[in-house]
């Protein structure tokens, strides 16, 4: 049995769907004709993506999901019957959602009904925010949404529930620009159960690996400038770069990159799992629900601190391997062995305090700037869409992450110097505060920002590489999943045929 009133909602939607208007059938036929670019009577994924984009209808959700949902004969394409059958079924689902939202049964959805419906699925928004959502769908300026406006807005978004709609405009991407301290994204319960979360994390990890490898020379230069500061032999950007090539050849520019890439997977997984556990503790429920911005900041900071605590020895190894000279260490294991033998276990946590302190300004500013930029975009474009789209979110993420790095950079520099102290000949072993005072006294405040130029120079290529690889990995993940699904369907069909043959 459903909730009170659900039987009435179903009856109402069923009556509305009893017969499809001839006008709708005609429009579907015209749309199919336009989307069928090669005029073979079928629409494949590429044609659907190109055709919808040309009409300004391309959703942020996967085009593959639309084809998969309507492809009844499993040939990877939609013929006219499959196309209209999908639209008819999807409109029926949209009618059910519209009717459940329309609490006073007046055929219109207002701001209050949007707010109440989002609250019911764990997403609390203000009336102002609910108004922005409404205005993006309100084409006639009445400050209400009728069935036609609702249907046209979500027709090519394969959403199935209010929870899907609630998360429709909140979705962001996981991009890595080298400093992996950002607050984890929010995922719905459906996304967690379907495996979508881990596919996203895997795509993000692969994107981060390629991105970090592509920008490794700039990252190594940044570490050198952070550690050596104004020293005559390493202080100049170009001289430092030249000296690294001269000392070990072109391959020397990628020293420390292996461990830097290796730590992506455990850090991402630990941070996500810690974030989910902290969410549950904060809400005191099993599924955790969605968090407000302040709660996300607290949970994200704690999750980041947890991940950093566990993988921090890898951070120390990365710094030592980045600064090493030719022949100093034969491998990551050899580096760890030498540090343990000469300096003891505590050496693997040098610089830990400034590193943990740096998470707070980074995560706080990153999240605040990101939400501000995204909400500003939504306000300026509220008449067009509630979904900023991938490129807008990437831009917001790039700017917010850069601002976060700018605020936390002095702590990052002090962390790196503390990690490297024993490897720098004649360097005194200073505490965090002593090192801070020493840098300001000898180099001025600007000394706290040594190496920030190559750090900023790597942001644009890092984001570009990460975005391209992320999209390819996400597409590959979906394609492989579809191949496996079809393979198992074929296996099941063969088994059934075999059983029928045996019976005969």
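The values are calculated or read from the model by the stated rules, or taken from the named source; none is laboratory data. Note that the structure is a prediction, hence the values are computed from the model and not measured. A quick note on method: Cβ atoms are made from the backbone with ideal geometry, for glycine too, and the neighbour counts reach across all protein chains shown.
Before moving on, here are some points about what is shown:
- Number of the condition not met by residue 66 [criteria: (1) touching a helix residue (DSSP H, G or I) at 6+ places or on another chain (Cβ under 7 Å); (2) at pLDDT 85 or above]: (2)
- Residue check for residue 281: at pLDDT 75 or above, more than 23 Å from residue 414 (Cβ to Cβ) and under 22 Å from the mean Cα position of the chain (by Cα): no
- Test: residue 57 is at pLDDT below 80, out of contact with any strand residue (DSSP E or B) (no Cβ under 8 Å at 6 or more places or on another chain) and assigned by TED's automatic domain parsing to the domain that holds residue 154: yes
- Among the residues of the stretch 79-102, just one is outside any loop (DSSP other than H, G, I, E, B), free of Cβ contacts under 8 Å to residues at least 60 places away in the same chain and in contact with a strand residue (DSSP E or B) (Cβ under 6 Å, 6 or more places away or on another chain), namely 79.
- Test: residue in the stretch 310-331 that is more than 23 Å from residue 227 (Cβ to Cβ) and under 26 Å from the mean Cα position of the chain (by Cα): yes
- Screening the candidates 76, 107 for the property of being in contact with a helix residue (DSSP H, G or I) (Cβ under 8 Å, 6 or more places away or on another chain), at pLDDT 85 or above and not in a helix (DSSP H, G or I) yields one hit, 107.
- Filter result (within 32 Å of the chain's Cα centre (by Cα) and not in a helix (DSSP H, G or I)) within the stretch 332-367: 350, 351
- Test: residue 328 is free of Cβ contacts under 8 Å to residues at least 24 places away in the same chain, in a helix (DSSP H, G or I) and surrounded by fewer than 18 Cβ atoms within 10 Å (Cβ to Cβ): no
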